[in-house]
1. What is the magnitude of the charge dipole of segment 325-451 about its Cα centre, with +1 placed on the Cβ of each Lys and Arg, -1 on the Cβ of each Asp and Glu, and no other charges, expressed in debye to the nearest 20?
2. Calculate how large, on average over all directions, the projected area of the Cα convex hull of segment 128-244 is; give the answer in nm² to one decimal.
3. Mind checking the angle between helix 2-22 and the chain's longest principal axis? C-alpha axes, 0 to 90 degrees, to the nearest 10.
4. For the chain, what is the Kirkwood hydrodynamic radius in Å, using each pair of distinct C-alpha atoms?
5. Convert each backbone phi in segment 367-382 into a coupling constant with the Karplus relation 6.51 cos²θ - 1.76 cosθ + 1.60 (shift: θ = phi - 60°), then list the ³J(HN,Hα) values in order as whole Hz, x for Gly and Pro.
6. Work out how much length Lys321 to Arg173 would gain on full extension: take 0.36 nm times their residue separation and subtract the Cα-Cα distance, in nm to one decimal.
7. Straight-line reach from Lys238: which aspartates and glutamates fall under 20 Å, measuring Cα to Cα and dropping same-chain residues less than 8 apart?
8. Mean residue ellipticity at 222 nm from the helices of the chain, using -39,500 (n - 2.57) per DSSP H segment of n ≥ 4 over the full residue count, to the nearest 500 deg cm²/dmol?
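The values are calculated or read from the model by the stated rules, or taken from the named source; none is laboratory data. The structure displayed is predicted, hence computed values, not measured ones. In this analysis, Cβ positions are derived from the backbone assuming ideal geometry, glycine residues included, and neighbour counts consider all displayed protein chains. In case anyone asks, the SASA skips ligands and DNA or RNA and just uses the protein heavy atoms, side chains included. Shrake-Rupley method; radii C 1.70, N 1.55, O 1.52, S 1.80 Å.
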Amino acid sequence: MYRLLGAAILSTIAFASLLTAAEAPSYYRDVRPILQRNCQGCHQPSLKSSGLDVTTFADFARGGRRGAAFVAGKAADSVVLKYVKGELQPTMPMGAAALPKEQIESIAAWIASGAKDDTPAEAADTISADHPPVYSQPPVIGALAFSPDGQTLAVAGYREILLHKADGSGLVRRLVGQSERLNGLAYTADGKTLVAAGGSPARFGEIQVWDMPAGTLRKSITLTNDTVFGGSVTADGKTIAVGATDNSVRIVDAASGKELQKIGNHENWVLATVFGVDGKRVVSVGKDRAAKLSDVASGGFLENVNLLRGELSAIARKPGKDLVVIGGEERIPYIYMMDRPKVMKIADDTTLVRKLPRQDGVIAALAWSGGAKERIAVAGLASVVNVYDAETGGLIAACSGHKAGVYAVAFSPAGDRLAAAGFDGHVRIYKAESCELVKDFVPVPLMVSRQ
Ligand code: HEC
């Protein structure tokens with residue numbers, strides 16, 4: 001008995017001194033990032049699988065159906081360790097590869113050393129659906145999307161999506177999630193699903209799948225250790241594509257959240273994606289200046305759509321047709337066919353349909369309207385949004401009013417309205433044919449200053 005106890009004490013001392021030799025395990029530095037990256041998709045305030053929320057220390061400590069997730073000082077008795085080690089089934093993270101040994105050891109060491117909460121006060125997460133973000137100034141807006149029925153305009157805020165009446169006359173609902181920033185919003189054709197892509201820089205990337213119009217989170221899929229970009233969804237809503245900072249395009253199954261393909265054809269960050277009409281192919285653009293066409297089912301590379309010029313950050317597809325407009329650093333929007341009319345021996349520009357005029361600033365967002373009068377909206381750092389006739393390339397109107405860069409543009413489904421937003425945090429709605437400003441509003445409730 002004594003002997004056993006002595007051995008246990010000795011090994012604990014040995015363990016502890018080893019740790020101080022390196023660095024004491026920290027919840028905030030070591031454990032929280034593992035939970036954010038691998039677990040919060042299914043264990044967060046709006047998706048508490050088995051009653052467990054791991055997004056704050058207090059919630060993690062409280063645990064789920066099986067009680068406290070950990071017992072300070074007793075790693076082996078802790079429910080969370082039993083799950084990540086597979087001693088309790090299903091092994092966590094569910095449906096994914098087991099955590100690497102070092103990460104399991106990291107969690108174990110933190111519990112063994114007393115499971116202290118060292119979250120800095122200013123970093124404590126106080127945001128949830130019941131406590132939505134509080135704003136003292138309008139946030140930078142990185143994405144906008146009209147619902148297919150034309151009733152709602154979804155606006156990406158900080159840690160949330162704000163659903164507004166499409167004419168800007170009122171805030172309808174706030175969809176609070178984990179990602180600090182969302183750079184992509186896309187509705188499925190039936191309007192029943194809203195897909196958002198983004199993340200928290202240097203921590204995790206996330207795809208959120210929301211049931212609409214209820215506004216309940218159906219899935220949160222965390223992937224990569226950094227923000228993901230340019231989320232797009234097939235018309236049937238089954239498949240989602242995002243670009244990543246590891247130079248890949250990720251293809252994800254919307255129903256299960258499983259990653260179907262990791263396409264590695266790019267040589268730099270992938271910033272925007274769009275599916276072809278039938279959803280079988282995807283075009284991606286990024287910092288490597290390439291627009292690449294890939295096969296969704298196999299992940300195989302099909303062809304380079306463009307001749308390399310400047311870094312690319314935006315893409316939009318013509319509604320119902322496999323034509324895309326791309327743009328970025330070079331400031332010139334190029335319209336390309338996704339299909340080559342003839343076999344290509346060397347890189348050429350036979351797929352180029354038309355160039356639009358050079359913009360006054362780097363292009364950050366593009367939109368292509370449907371309807372009788374097809375329009376292409378080009379937005380970027382120049383702050384004026386130009387609207388062109390997609391057939392002739394002629395300038396229709398120039399929408400002004402933004403104080404700085406515009407990062408998101410969207411046409412209403414009928415094509416008669418254009419919404420734009422960006423750095424100054426205002427959403428501006430224009431008549432698409434004249435750029436007459438119809439509505440200018442701040443999409444978030446602002447804190448009233450106490451004066
Ligand atoms: C894809 C979704 C998903 C992911 C990702 C996931 N979990 Fe789970 N987790 C579940 C589900 C579902 C259950 C309930 C399993 C059951 O009881 O059959 C569960 C149960 C648990 C429980 C038991 C909670 C209780 O008290 O009942 C713990 C602890 C846990 N998960 C920890 C983790 C950790 C740690 C990670 C990340 C390393 C993780 N989970 C990732 C879905 C997930």
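1. Numbers: 15 positive and 14 negative charges, 32 e Å.
The dipole of segment 325-451 has a size of about 160 debye.
2. Numbers: hull surface 27.5 nm².
One quarter of the hull surface, i.e. the mean projection, equals 6.9 nm².
3. 40 degrees
4. Numbers: mean 1/r = 0.0428 Å⁻¹.
So the Kirkwood estimate lands at 23.3 Å.
5. 9, 10, 8, x, x, 5, 9, 7, 10, 10, 9, 10, 10, x, 6, 6
6. Numbers: separation 148, 0.36 × 148 = 53.28 nm, distance 3.31 nm.
Between Lys321 and Arg173, full extension yields an extra 50.0 nm.
7. Straight-line reach from Lys238, under 20 Å: Asp149, Asp190, Glu206, Asp211, Asp253, Glu259, Asp278, Asp295, Asp322.
8. Numbers: 5 runs with 53 residues, N = 451.
Helix-only estimate at 222 nm: -3500 deg cm²/dmol.
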